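Only one structure is covered here, and it is reproduced in the block below.
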Amino acid sequence: MAGVDENGESVLLHMDPSGTYLKYGAKAIGAGSEGAQATLEEQYHKSMTLDDGMKLCLNVLKQVMEEKISATNIEVGICRKDQEKPGKFYLLGKDLIDPLLTAL
């Protein structure tokens with residue numbers, strides 16, 4: 001779950017099977033998540049720009065996905081605190097994902 005807290009800070013939460021919410025800076029889930037999470041823990045830092053964070057995540061996906069990564073088999077969602085409606089979640093369109101993948 002992603003959003004903005006009462007102090008205006010971006011928050012990423014993951015609920016474990018027991019129902020406990022844990023706060024993360026970056027989180028990998030699903031197939032290949034152990035290796036992906038290790039890479040995120042090594043390379044992610046809170047001072048990253050949004051573009052750098054997206055590139056890191058896309059590189060991690062590229063490493064762990066069995067099929068070739070493309071704008072048709074992934075989604076990129078963003079939740080920002082510095083927008084008109086802070087915390088609003090939105091998905092990038094394929095037209096915005098393709099240039100990110102080309103830059104990898």
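The values are calculated or read from the model by the stated rules, or taken from the named source; none is laboratory data. Every value quoted in this text rests on a predicted model; they were computed, and no experiment measured them. Counting neighbours? That spans all protein chains shown, and the Cβs are built from the backbone with ideal geometry, glycine included. All accessible areas refer to the heavy atoms of the entire protein, side chains included, with ligands and DNA or RNA removed. Shrake-Rupley method; radii C 1.70, N 1.55, O 1.52, S 1.80 Å.
Using the Cβ of M54 as centre and a radius below 14 Å, the other residues enclosed give a net charge of -1, where K and R count +1 and D and E count -1. Apolar share of the accessible surface for the chain: 52 percent from carbon plus sulfur atoms, 1.4 Å probe.
Dipole magnitude for segment 26-67: about 140 debye, using +1 per Lys or Arg Cβ and -1 per Asp or Glu Cβ, origin at the Cα centre.
Entry note, the chain: the mean residue ellipticity at 222 nm calculated from DSSP H runs of n ≥ 4, each adding -39500 (n - 2.57), is -10500 deg cm²/dmol after division by the residues and rounding to the nearest 500. Candidates (i) 39, 35, 23; (ii) 38, 31, 18; (iii) 33, 27, 20; which is the computed Cα extents along the principal axes in Å? Identified label for the calculated read-out: (i). Among D82, D51, D16, the largest mean-square fluctuation in a Gaussian network model of the chain, built with springs joining Cα atoms closer than 10 Å, belongs to D16.
Computed from point charges on the beta carbon alone (+1 for Lys and Arg, -1 for Asp and Glu), the dipole magnitude for the chain about its Cα centre is near 120 Debye. Annotation: per residue accessible area for segment 1-93 equals 71 Å², rounded to a whole number [probe 1.4 Å, protein chains only]. Only Cα pairs under 8 Å and 6+ residues apart enter the sum, and on that basis the relative contact order of the chain stands at 25 percent.
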